[in-house]
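The values are calculated or read from the model by the stated rules, or taken from the named source; none is laboratory data. As the structure is a computational prediction, the values presented were derived from the model and not from experiment. Using ideal geometry, Cβ is built from the backbone for each residue, glycine included, and neighbour counts are taken over all protein chains shown. Keep in mind that these areas ignore ligands, DNA and RNA; they rest on the heavy atoms of the full protein, side chains included. Shrake-Rupley method; radii C 1.70, N 1.55, O 1.52, S 1.80 Å.
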Amino acid sequence: MKILQIIYKVARSVLFTAIIFVAALYLIIYILLSVPALQNRIKEVARVEASAFLGGDVQIEGLTIRPFNEVVVSGLSVFDPEGERCLRVETVGAGINIWRLITSREIELTYGEIIGLDARIFQQVENGPLNIQFIIDALKPKDKNKPPSKFDLKLRNVVLRRCKASF
């Protein structure tokens, strides 16, 4: 009977320690991601990667990481290769699968939120390409035999508010 009590106390201590460790790890990660310098660094990396991916200039005014699976970008502007703004969004929010990010270092977006979209789509010449053709080209698949990218969309819901587009 005494051995069962010792085993119970050890198992309880190990379980309690593991729970406290996981909670402390989440708290430390949340505090680190709340530091403005780290958020600015993440914002700059996101801006550079988005600009390289799209082939046009992308500007981001602010980036916030909310616990524990949401990223909110504010003041997103996309400029075409000629330098003219074609998209402006007040707020873009995305849910991220944290487990997949930690385990395989891949980004999986699970939901999206777009608030205050202002899209200006036009053609310079009749029957010519749209000013957002570079975005369309960047998003369409290039090679079907190519291995998957580290970016995956599995959107379960998308929220659109106060959006407008002109053509």
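The figures follow:
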item	result
Qualifying residue in the stretch 121-131 (condition: among the polar types (S, T, N, Q), at positive phi and open to solvent by 80 Å² or more (accessible area, probe 1.4 Å))	yes
The one condition in (1) of a type in the set (Lys, Arg); (2) touching a residue at least 12 places away in the same chain (Cβ under 8 Å); (3) under 23 Å from Leu25 (Cβ atoms) that Arg85 fails to fulfil	(3)
The stretch 62-99: number of residues that are within 13 Å of the chain's Cα centre (by Cα) and among the basic types (Lys, Arg)	1
Per-region count, the stretch 43-70, residues under 14 Å from Arg85 (Cβ atoms) and in contact with a Leu (Cβ under 8 Å, 6 or more places away or on another chain)	4
Filter result for Ile42 (part of a helix (DSSP H, G or I), aliphatic (A, V, I, L, M), exposed (fewer than 11 other Cβ atoms within 10 Å of the Cβ) and without any contact (Cβ under 8 Å) to a residue 24 or more places away in the chain)	no
Which listed residue, of Ile20, Ile107, Ile7, is touching a residue at least 40 places away in the same chain (Cβ under 8 Å), open to solvent by 60 Å² or more (accessible area, probe 1.4 Å) and among the β-branched types (Val, Ile, Thr)	Ile107
In the stretch 45-66, residue surrounded by the fewest Cβ atoms within 10 Å (Cβ to Cβ) [restricted to those that are in contact with a Ser or Thr (Cβ under 9 Å, 6 or more places away or on another chain) and farther than 26 Å from Pro141 by Cα]	Glu61
Filtered residue count, the stretch 72-82, keeping only those that are closer than 20 Å to Glu44 by Cβ and either among the hydroxyl-bearing types (Ser, Thr, Tyr) or open to solvent by 30 Å² or more (accessible area, probe 1.4 Å) (or both)	4
Candidate set: the stretch 113-134, residues that are assigned to a strand (DSSP E or B) and touching a Lys or Arg at 6+ places or on another chain (Cβ under 9 Å); chosen: the one farthest from Phe167 (Cα to Cα)	Glu113
